[in-house]
Structure formats: structure tokens, C-alpha cells
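Below is one structure, written out as C-alpha cells; comments come after it.
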């Protein structure tokens, strides 16, 4: 804690700000646990995702030669990013702070240049095109808990999709997309120190509602388990407990499958093999034969896809690189992905429950969606799992490599994302966005 405190102190921003294309100034209306409300709404040009700065004005600068008032310097106190914008006000989260924030302090927004404006690159640089920042087409209300994971399926059997959201200790059910923050059903994971890490859905053995597979760490037994839950009479009912972790992945043919893995009491190699999860008359169990994988040994770090008409395996390496392995060879990304606050220290090994890698298996433009969570205070703070900003990236396969097709900046961090619809032409990309203040929202993008 002392190291972290010292590092936070050294990371305080200086009293200066980068030049911006345009700005709109206002005031802080309220500040509460890292969440800031500004009197700058959509009429001021504010948009979700934009950055803002909070400052105070210093004493006036008087020219000693002429006595002219040259203005007041800005003493910057904090920076942040807007998460919600209404007509007359906006809400944001702080990304860095050098001083306490209070109502009445000044604030200014960074506003992008108007559409069609041409910017001249600095001398000696090229104006290479960059992927455009994509905005969500729909956002849910804010929930008062950080989302660790979610799953989407027809859990009630009413013929409509619903979304199950996992906090650290509970699973809550909402309509899809969620229209309000009132849960339809709730299930609390028992045990002191238990912690949910992932959710998956499984179709019923016969026609009927889907079941939810909630994987969590059981502190009392020091192991990973999965509860199988079903909705009955408007409530979650526990049907089965499995002493395995469960995660979905996509096969090269585009079909979805469930896999299971156990943690072993072995510091040198704490993972069992990865097995298919079999549903036999409504009871789940690992299959007899392990999956034949190219090199993946972590359940939360792989999926499959067809590239150049051949099966391929996608995985996140120990150095957080995206790796592609197929009969044609191996490719590894230069950028890093997958870092997440959903993590566990077990047998002296850090287990990161990476966000899923949803795959689009369109024959002409296969792609994968990835998350890049950025540490709040740089690489030294990464070990603490403190993230403030994230980027969602769609990468398409072309010329033997994945390259960005579009990106979206997210004010907060992302723990889960999923595609809804056919795997070759999905209709929704669903993303769980959480903030350090403990709130979260579900965002939906056009894939």
C-alpha cells in the first residue's frame, strides 16, 4: 500500500494542459467518489467519451509596465472523461486528480474539430489514416455495481432474450437490452470471500428456457466452481454445482461450444487440460477426451476461427499479445490486449480472466473483437488491476495479419463483450463498461 501511495503521489498531473481544438467552459455542480457532474450538457457540445478538465483560477496577472490585466492562470486540479450527457448537464469520471474536487470549481471540455475540418500534421510526420472512433448506438442506465461478466439468452422461456449481469457476489437478470436498473431476479453466491468471474449460457436439453453457468472462486474450498442456474417462477434456482471453471468458445465452423477446466494444487503447472463440457439429460460434466488445441492452456484465453479457409486458434499470450496459430504458421500482434481487473492470485500465480474474444466468421472478412484496458497510472500500477480507460477494437484478417477495422474509446474499463445474432453477420456487439466509482452500463454497438 505504501508503494502504491507513493506512486499515486508521483503520478499527479502537472499544472498544464495540452492544446485542444476547441473548448466549452462551465462549472462543477457536484463531485462524489470520483463521479463529477458538470453544468455542460448537449447544448454546450458535450458528448459521451469526451475528456474534460477541472481547474481553479489563480490571481490576476498584471503587466508591470502597462498595468494591463493579462488574465488569470488556470491551476488544473483533475482530468476526466464524460460518461453520460443530458440536455443541461453531463456526468463524468475522473481519470487523474491532483487536488480535491468540489462544487463551484471551473471545468472545460475538449471538443473535437467540426466535421470536414482539415488538420495539418506536424512537420516531418505523415497524415496516415487512423480508424475512426465508433460510438455506441445504445446505452443502458447506470447500475450501482461493477459488472464482472454477463450472458445473453432466453432464460425465462418467454421467447425473448434477457441479460444476466454478474457483480462480485450476485447475478441479476434484466430484459435485453436493459431499460432500467431494477432486476427481474437475483441470486447471491454463498460464502465469505466468494467472487464471480464469468457467466455463460447453455440451451435447455429440450425446448425451454436457457440455463446460466456462473463460475466463481470459492474461498472456503480455495477452488473454482460453477453453479448451474435456471429461472423458475421468476427466481433463480440452483440446479447443479460443478467443481470446474466453464467458458464458451467458438469453433472454426462458427458454432458455439462450452469448455471446462480445473485448477490443480501444483505451483509449477496449476491448470488441468481443457475438456468439452457435455450436457447429458440436463446434467453437465466434462467429456472424457481433452480438446485438441494448438498451444492454449488457459480456459479464458482462447477461441477458434476459420482464416483463409483453414481452422485457426486465437489466444492471448502471457505477454498479452494476440496470437494466431494454424497449419499455415503463427502470427503475433505488436499490441497488447486482454488485461482485466477480474483476476485472482492463486498458488503464487496471477490468473487473469480475460474478456472474451467474439469472432465474426464472415468468409470474406473474418474478424475478432478485442479489449485494451489501460492502467490508470501506467505500467507500475498494472499489478494492482486499476484501469481507467479502455479501447474496443475490431480487427479483420487480411494478408496474413489482423489489422484494426474500427476502434472505440471507452471511459472506464471493460470486462465482458459478446456478439448477438448469426456469427457471420451479427446484429449487436454488447459491451459491459464499468468505472472506478463502482458504476456500470451496457453499451451496444453496430459490429
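Throughout, read-outs are computed from the coordinates displayed, never taken from laboratory work. Quick caveat: nothing in here was measured; it's all calculated off a predicted structure. Methodologically, a virtual Cβ is constructed for each residue, glycine included, from the backbone with ideal geometry; neighbour enumeration extends over all protein chains shown.
Using all pairs of distinct alpha-carbon atoms, the Kirkwood hydrodynamic radius of the chain works out to 23.8 angstrom. Once you reduce the stretch 139-210 and the stretch 391-447 to the center of their Cα atoms, the two points are 19 Å from each other. Under conditions of 10 °C and 1.306 mPa s, the stretch 298-418 yields 106 µm² s⁻¹ as its translational diffusion coefficient, taking Rh as the Kirkwood radius over Cα pairs in the Stokes-Einstein equation. Each 10 Å bin from zero holds the following percent of Cα-Cα pairs in the stretch 152-193: 29, 51, 18, 3. If a spin label sat at a point 7 angstrom from the Cα of residue 186 along the line to its beta carbon, the backbone N atoms of the stretch 237-277 nearer than 19 Å would be those of 237-238.
With R₀ fixed at 25 Å, the C-beta to C-beta distance from residue 346 to residue 285 puts the FRET efficiency at about 0.60.
Our helix-only sum for the chain, with -39,500 (n - 2.57) per DSSP H run of n ≥ 4 divided by its residues, gives a mean residue ellipticity at 222 nm of -500 deg cm²/dmol. Listed by Cβ neighbour count within 10 Å, with the fewest neighbours leading, 89, 300, 27, 354 appear as 27, 89, 300, 354. Pick from 238, 322, 370: which residue has the top mean-square fluctuation in a GNM of the chain where Cα pairs under 10 Å get a spring? Of 238, 322, 370, the Gaussian network model singles out 238 as fluctuating most.
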